[in-house]
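**Q** Questions regarding the structure given below will be posed in turn.
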Amino acid sequence: MFDTLPTLPNDPILGLSVAFREDPNPEKVDLGVGVYRNAAGETPIMAAVKAAEQRRFENETTKAYLHPAGYPGANEAVEDLVYGTEHPAREQQRVATLQTPGGCGALRVAAELIQRAKPGARIWVSTPTWANHVPLLGDAGMELKEYPYYDFERHTLDFDAMLAALGKVPAGDLVLLHASCHNPCGADLSDAQWQQVTELAKARGFVPFIDMAYQGFGAGLDEDAYGPRIMAEQLTEVLVAVSFSKNFGLYRERAGALTVVSADSSRADACRSQLLSVARGLYSMPPSHGAAIVDQIWHDRGLRQSWNEELAEMRGRIQQLRQALVEALAKAIPGRDFGFIARERGMFSFLGLTEAQVARLREDFSIYMTDNSRINVAGLNLDKVDYVSRAIASVL
Ligand code: LMR
């Protein structure tokens, strides 16, 4: 049977980590997979997470199955974070939330839910979008279409082109949006632009599907939730896929959620029951540990404050690295403006290099990034900024 299966190439993002690990060069720099690193080059366990884990280790009394919806307290944390504590959609009981195995699990569960509601549904994704959106949604049977988003020449959001394309999206199609810290380009919608897209969704009748993997890494927890909040208030249907990989640093614990807003409480009940059935058919119930930690941190004043402060530090460090990189690049390559890197948000930016230049950086300087020259700024370090900038200068 398996004679028919070809061997596939490595995943374009995760495969980089393997190549990086095997590289013996002590100067090597990993700007590939989107993982936060501190000044010591480590991806630390956040202090609040460690403290919650210690408590959990002492107090956990059973390993019996978790309900397919997950921990109610974690799902409450999701709704507090995404919508805020006093949101009309929550008050009207229009929200159904399901804990999922990471943000990827949320995206896939959403795709399955949509398939049940509207088989073969079309979803419009930004050009560019996160590479893994394609299999996560496409393998579930959704048809993917693209709308223009990033102007690769000018390194800005091409909002006019985006709006023009979304203005032609038929009613009932879905449009995938990134809540903040766009992956891979780092160019986000302003509040006013979110409002315009919301009005367009209302006028056209398309359904926003928001990927929210970096809340707190952009401008702040509330600021990064502006889009989902106004859309959930002004539109009848919205889906939001949430990840706690980055903002709680829970990557391998696979903690995330899907939260679905529908027209009224009876439709929310129907969605909830469908979500439970999708989960049961895919993996039965989500992993427990990561979401239990989120639940504990969110419901403990001290832990929540510690988490919030550490998250703010991480956000500040990324911004500092962005600024330092712009300055070092300006020195190394005086004729070229990299100022956009400091204006963009979150982990990622495009350098604007060719695939051949990216390959030279990897082969000659042991600097790793995806072939499209996306860098994970949060993987950089202040003491590597000059090395990286000089290397970029020599491949240009
Ligand atoms: C990334 O884009 O690098 C991260 O979201 C990790 C992943 O799974 O691709």
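The values are calculated or read from the model by the stated rules, or taken from the named source; none is laboratory data. Since we're looking at a predicted model, the values are computed, not measured. Here Cβ is always computed from backbone atoms with ideal geometry, including for glycine, and neighbour counts include all displayed protein chains. Just so you know, the surface numbers come from the protein's heavy atoms only, side chains and all, with ligands and any DNA or RNA stripped out. Shrake-Rupley method; radii C 1.70, N 1.55, O 1.52, S 1.80 Å.
**Q** Taking the chain as the reference, fit the longest principal axis to its C-alpha atoms, fit the long axis of helix 102-117 to the helix C-alpha atoms, and give the angle between the two in degrees, 0 to 90, nearest 10.
**A** So the inclination is approximately 50 degrees.
**Q** Run the paramagnetic zone check for Gln193: 7 angstrom along Cα to Cβ, then residues of region 136-172 with backbone nitrogen under 19 Å.
**A** 146-169
**Q** Hey, another quick one. Please compute the length gained on full extension between Thr4 and Gln92, using 0.36 nm multiplied by the number of residues separating them and subtracting their Cα-Cα distance. Spell out each step's value before the answer.
**A** On the way: separation 88, 0.36 × 88 = 31.68 nm, distance 5.20 nm.
That works out to 26.5 nm of additional length.
**Q** Restricting things to alpha carbons, tell me how big region 104-241 is in terms of Rg and Dmax, in Å.
**A** Over region 104-241's Cα set, Rg and Dmax evaluate to 13.8, 41 Å.
**Q** Carbon-plus-sulfur fraction of the accessible area of region 192-274, 1.4 Å probe, in percent? Before the final figure, lay out each step's value.
**A** Details: 1230 of 2830 Å².
Carbon and sulfur: 43 percent of the exposed surface of region 192-274.
**Q** At q = 0.16, 0.18, 0.20 Å⁻¹, what log₁₀ I(q)/I(0) does a Debye calculation on the Cα points of region 211-280 give, no solvent, two decimals?
**A** -0.66, -0.80, -0.92
**Q** So what's Rg/Rh here for the chain, counting alpha carbon atoms and using the Kirkwood radius for Rh?
**A** On the way: Rg = 21.0 Å, Rh = 21.8 Å.
Ratio value, two decimals: 0.96.
**Q** Please report Rg (one decimal) and Dmax (integer) in Å for the Cα set of region 65-299.
**A** When restricted to the Cα atoms of region 65-299, Rg and Dmax are 16.3, 52 Å.
**Q** Now, a different point. Remind me, relative contact order of the chain in percent, using alpha carbon pairs under 8 angstrom and six or more residues apart? Walk me through the numbers before you get to the answer.
**A** On the way: 728 pairs, mean separation 103.1, N = 396.
Once divided by the residue count of the chain, the mean separation gives 26 percent.
**Q** Per-residue ellipticity at 222 nm for the chain, helices alone: DSSP H runs ≥ 4 residues times -39500 (n - 2.57), over residue total, nearest 500 deg cm²/dmol? Spell out each step's value before the answer.
**A** Details: 15 runs with 177 residues, N = 396.
Using -39500 (n - 2.57) per qualifying helix, the result is -14000 deg cm²/dmol.
**Q** Pairing the Cα long axis of helix 289-298 with the longest principal axis of the chain, what angle in degrees results, from 0 to 90 and rounded to the nearest 10?
**A** Once rounded, the angle reads 80 degrees.
**Q** Fully extended, how many nm does the chain gain between Asn25 and Ala393 (0.36 nm per residue separation, minus their Cα-Cα distance)? Each step should come with its number before you reach the end.
**A** Details: separation 368, 0.36 × 368 = 132.48 nm, distance 1.98 nm.
Extending this stretch completely gives an extra 130.5 nm.
**Q** Now, a different point. Could you give the nm distance between label points at Leu282 and Ala270, where each point is 7 Å from its Cα heading toward the beta carbon?
**A** My value for the distance between the label points is 2.1 nm.
**Q** Mind pulling the angle between the C-alpha long axis of helix 301-332 and the longest principal axis of the chain? Nearest 10 degrees, somewhere in 0 to 90.
**A** 30
**Q** Rounded to the nearest whole Å², what accessible area per residue is found for region 65-299 with the 1.4 Å probe?
**A** Working: 8540 Å² over 235 residues.
So region 65-299 comes to 36 Å² accessible per residue, rounded to a whole number.
**Q** Right, something else. If I model a spin label at Glu313 and Ala117 as a point 7 Å from the Cα along the Cα→Cβ vector, what separation in nanometres do I get?
**A** Using points 7 Å along Cα→Cβ, the separation is 4.1 nm.
**Q** 7 Å from Cα along Cα→Cβ at both Lys63 and Arg301: what's the point-to-point distance in nm?
**A** 3.7
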